[in-house]
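The values are calculated or read from the model by the stated rules, or taken from the named source; none is laboratory data. Nothing here was measured: the structure is a model prediction, and the numbers come from that model. Cβ sites come from the backbone with ideal geometry, for glycine too, and all protein chains shown count toward neighbours. Just the protein is used for accessible areas: all its heavy atoms, side chains included, with ligands, DNA and RNA removed. Shrake-Rupley method; radii C 1.70, N 1.55, O 1.52, S 1.80 Å.
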Amino acid sequence: MTDLTKLEAELTARVGAAADLAALEAIRVEALGKTGSVSELLKTLGRLTPDERREQGPKINGLRDAVASAIAAKKAALETAELEAKLAAERVDLSLPPPPERKGRVHPTMQVLDEMIAVFADMGFSLAEGPDIEDDFHNFTALNFPPKHPAREMHDTFWLPEDEHGERKVLRTHTSPVQVRVMQRLNEKLPSWIANGQEPPIRVIVPGRTYRSDSDATHTPMFHQMEGLVIDRNIHMGHLKWTLDTFISRYFETPVVETRFRPHHFPFTEPSAEMDVKCDRSGRDVKIGQGTDWMEIVGCGMVHPNILRTCGLDPDEWQGFAFGFGIDRLGTLKYGMPDLRDMFASDVRWLEHYGFSAFQAPNTATGLS
Ligand code: PHE
């Protein structure tokens, strides 16, 4: 009896004196754990006679309950004290601004692509695509580049190694091969999403990646072009000029544009031209729609009769024009990036500066989004 009272007094005193939760846990294990002092006492109950048990049972159980509740009370007190100490030591400054939220940006090429598509869609053009890895036939031969013609070298072509049929594919040097794929009626094994085999009249734009072994401030080995192709009856260069003038005016958001055709040579157009646009190059950025300078902006021409014939179209019935814009270049001209190579350097600081918000509608004079 005295032993139990003494044990209870001793245990509750130790519980009361426990300095922290770890010390309290050690006392709990010592008293109430599997081989703890109180647990051992409880085990003795089984060996007592019924009369002794009736007498000792409530006392030992009472001891266990007293110790357990002392521990629980001390635990709650220690936890509260711990929390209060923490609250006293730590401060939350609610006046601090939140850390900036990092948002992804739309790459300028993709923004410009959306803007270009919006303008051409408004003029009735639809989209077509073709493969980046192209065969010699579509990239060169069908476009009237004679075999061994120096123009093939001029394109600084990336050739792939010879395949098992002895054929060397190329990374397409321009988007013009898709002209052929669109006009060609019988088209091979290509998946149907690669638009091909349209009956004229045709009005398509073809955006895509193109590749040439070239690198300086205005050239990168990979860049983006947008091809345009119109095939119909009685199409002439006046239609080409109107289409390009209208596009340039809407894309650059300037009501007045002055352009001129300068004779040029492309094997797949006849006549061929480069179009220049009036601009002001005196400042840091080129300004389109003002000034007295000229700048080349797009290659174009009337589709060569040989191309039409190769694609199974009668040149006496169908005519058309084609043009090829550099998408990234149009971006640098409108948004003032000084070096084309930065476009593809994947520098996050550059992208944050020149990138666009994902929720900004294409910003064109058409008002289309
Ligand atoms: N494919 C030409 C180039 O890459 C551009 C072009 C396209 C010219 C269509 C005329 C017609 O330089």
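Computed across the stretch 8-55, the Kirkwood radius stands at 12.0 Å (inverse of mean 1/r, all Cα pairs). Once the Kirkwood radius over Cα pairs is known for the stretch 96-177, the Stokes-Einstein relation at 20 °C and 1.002 mPa s delivers a diffusion coefficient of 131 µm²/s. The lysines within cross-link reach of Lys148, meaning a Cα-to-Cα straight distance under 18 Å and a gap of 8 or more places when in the same chain, are Lys169.
Report for the stretch 108-366 the percent antiparallel among DSSP-assigned beta bridges with both residues inside it, nearest 5. Let's see the in-between values first.
Numbers: 43 of 45 bridges.
Of all bridge pairs located within the stretch 108-366, approximately 95 percent are antiparallel.
Approximating the spin labels as points 7 Å out from Cα along Cα→Cβ, the Ala88-to-Ala13 distance works out to 2.8 nm. Put His265, His149 in order of accessible area, highest first, and with a 1.4 Å probe you get His265, His149.
Using all pairs of distinct alpha-carbon atoms, the Kirkwood hydrodynamic radius of the stretch 1-125 works out to 20.3 angstrom. Scaled against the 2.2 N^0.38 Å expected of a compact globular protein of N residues, the Cα radius of gyration of the chain reads 1.95. Look at the alpha carbon pairs under 8 Å that are at least 6 residues apart: their mean separation over the length of the stretch 1-156 gives a relative contact order of 19 percent. Rg then Dmax, both in Å and based on the Cα atoms of the stretch 266-326: 16.1, 49. Karplus-derived 3J(HN,Hα) values for the stretch 295-300, using 6.51 cos²θ - 1.76 cosθ + 1.60 with θ = phi - 60°, are 9, 5, 10, 7, x, 7 Hz; glycine and proline are entered as x. Summarising the amide proton neighbourhood of Val298: residues at separation of 5 or more, or on other chains, whose placed amide H is nearer than 5 Å comprise Met275. For Leu48, no residue has an amide H sitting under 5 Å from its own, ignoring neighbours fewer than 5 places away on the same chain, with H placed 1.01 Å from N.
For the stretch 128-135, the Karplus equation 6.51 cos²θ - 1.76 cosθ + 1.60, evaluated at θ = phi - 60°, returns couplings of 9, 9, x, x, 6, 8, 10, 8 Hz by residue, with Gly and Pro reported as x.
Solvent-accessible area per residue in the stretch 2-105 equals 73 Å², computed with a 1.4 angstrom probe and all protein chains kept. Model label points for Met237 and Thr49, set 7 angstrom from Cα along the Cα-to-Cβ axis, are 13.0 nm apart. Of all the options Ala345, Ala31, Ala142, the one that moves most in a Gaussian network model of the chain with Cα springs shorter than 10 angstrom is Ala31. The distance linking the stretch 297-337 with the stretch 1-44 is 93 Å (Cα centroid to Cα centroid, whole angstrom). Spacing of the modelled spin labels on Glu199 and Asp347, each 7 Å from Cα toward Cβ, amounts to 5.4 nm.
Phi angles of the stretch 21-26 translate, via the Karplus equation with coefficients 6.51, -1.76, 1.60 and θ = phi - 60°, into HN-Hα couplings of 4, 5, 5, 5, 5, 4 Hz per residue; Gly and Pro are given as x. Here the contact order of the stretch 108-366, divided by its residue count and restricted to Cα pairs under 8 Å and six or more residues apart, works out to 22 percent.
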